[in-house]
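The values are calculated or read from the model by the stated rules, or taken from the named source; none is laboratory data. Here the structure is a predicted model, which means the values were calculated and not measured. Glycine gets a Cβ as well: all are built from the backbone with ideal geometry, and neighbour counts include every protein chain shown.
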Amino acid sequence: MSPTLLARAKVQQLTPYQSARRIGGQGHIWLNANEAADSGKFNLDCERLNRYPECQPPQVIQAYAAYAGVSPEQVLVSRGGDEGIELLIRTFCEPGEDRILISSPTYGMYAISAETNGVHVVDVPLTAERQPDFDGIIERLDEVKLVFLCSPNNPTGDLVNRDGLLRLLNAARGRALVVVDEAYIEFCPEHSQAALLADYDNLVIIRTLSKAFGLAGIRCGFTLASPEVIGLLLKVIAPYPVAEPVAQIAAQALSEQGLVLMRNRVDEINRLKDELARSLLQHQQVREVFAPNGNYLLVRFSPGSEMFARMSRAGIILRDFASRPGLSDCIRITIGNRAEMDAVLNVLQKEQ
Ligand SMILES: *Cc1c(COP(=O)(O)O)cnc(C)c1O
């Protein structure tokens, strides 16, 4: 029997997550994975690499708690925000029985993580205003253990409405956890819902160093929640999830100096994003620029496939969302550096 036939039936049926990196493409300007254009400089002390690292490096936990305005008992560090998402599913959902709820179109890893763990997905799509359908979600709360919301939403950029979120949190008390994925919150920090952690022990927030901190390569993310929820996740997490060099770099990124660099990067990206949005809207092939709250813009072109191909011929790799419901002709553009944004505008101008 071939190894494929020995694999779990669920795994045999799975299509792997089509990450930007996996899809790839030929080009020199990579604007398809919401990575930063630069990462910064870090020092590594390699004297202690013979030892296993701490499960939860205290200096990283303390620095992140201070940065996020919560207590260290409310913070879990993991191998990217993606591991936080998976840990929640593995901790709260019984395979084959429990379900998670998502509001599509949204980040793909919630559904992928659920399915690889044998957990079903209930999809209550975003409304026409691209908000979570809070009434629809509340109606189905008894069917699910975890509700995943993304704010700013990847790829549409919209922020979750605060009143709706409060209504959902109240309705979900004692029934389900509400996970708000704030992977891009540094680009609009005034919209973080982290302060609500003080009042809701069923709220969980996902964060990452991959976007505004420019550190996608080190794989480091955070889960913020009540000490009780963090305690449960710590039962399930691997003994050494954060490699020693990763912990050292994360601590430096979260130092006072590291935070200044991050905020400068955010300011520059937000400036370039506003400029790009304004320029895009002057082109007749651009029908719509979606909410600019992350380090990316979702843009509806006419037609999208032709624009994607044109950019690709110029060596610019973007992310095509045209096949998603409600997102026909939509392409997501990561905000890179100025030269990269100029290259995008050049392609638009040239063949007008
Ligand atoms: C990038 C991203 C993450 C997490 O990324 P990691 O690199 O695993 O930390 C989580 N949620 C959303 C919406 C993202 O875009």
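Computed quantities for the displayed model
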| quantity | calculated |
| --- | --- |
| Segment 189-218, subset out of contact with any Asp or Glu (no Cβ under 8 Å at 6 or more places or on another chain) and assigned to a loop (DSSP other than H, G, I, E, B), residue nearest to the ligand (Cβ to nearest atom) | L209 |
| Qualifying residue in segment 13-32 (condition: loosely packed, with under 11 Cβ neighbours inside 10 Å, modelled with pLDDT of 95 or more and outside any helix (DSSP H, G or I)) | no |
| Residue match in segment 33-45 (condition: of a type outside the set (D, E), without any contact (Cβ under 8 Å) to a residue 12 or more places away in the chain, closer than 30 Å to L297 by Cβ and surrounded by fewer than 21 Cβ atoms within 10 Å (Cβ to Cβ)) | yes |
| Members of segment 283-298 found to be away from the ligand (no atom under 16 Å from the Cβ), modelled with pLDDT of 95 or more and out of contact with any helix residue (DSSP H, G or I) (no Cβ under 6 Å at 6 or more places or on another chain), listed by number | R287, E288 |
| Qualifying residue in segment 146-153 (condition: surrounded by fewer than 23 Cβ atoms within 10 Å (Cβ to Cβ) and either in contact with a Lys or Arg (Cβ under 7 Å, 6 or more places away or on another chain) or modelled with pLDDT of 95 or more (or both)) | no |
| Answer residue from segment 324-352, given it is assigned to a helix (DSSP H, G or I) and acidic (D, E) and is surrounded by the fewest Cβ atoms within 10 Å (Cβ to Cβ) among those | D342 |
| Subset of segment 212-240 [under 13 Å from the mean Cα position of the chain (by Cα) and farther than 18 Å from A63 by Cα] | A216 |
| Enumeration of residues in segment 303-323 that are in a loop (DSSP other than H, G, I, E, B) and touching a Gly at 6+ places or on another chain (Cβ under 6 Å) | G315, A322 |
| Tally, over segment 91-131, of residues that are surrounded by fewer than 16 Cβ atoms within 10 Å (Cβ to Cβ) and out of contact with any strand residue (DSSP E or B) (no Cβ under 9 Å at 6 or more places or on another chain) | 5 |
| Odd one out for E182 among (1) acidic (D, E); (2) buried (at least 19 other Cβ atoms within 10 Å of the Cβ); (3) more than 17 Å from E83 (Cβ to Cβ) | (3) |
| Residue check, R310 at pLDDT 95 or above and either more than 25 Å from C150 (Cβ to Cβ) or surrounded by fewer than 16 Cβ atoms within 10 Å (Cβ to Cβ) (or both) | no |
| Tally, over segment 266-302, of residues that are in contact (Cβ under 8 Å) with a residue 12 or more places away in the chain and either assigned to a strand (DSSP E or B) or among the hydrophobic types (A, V, I, L, M, F, W, C) (or both) | 18 |
| Where I137 falls short, out of the listed (1) more than 18 Å from the chain's Cα centre (by Cα); (2) closer than 30 Å to C55 by Cβ | (2) |
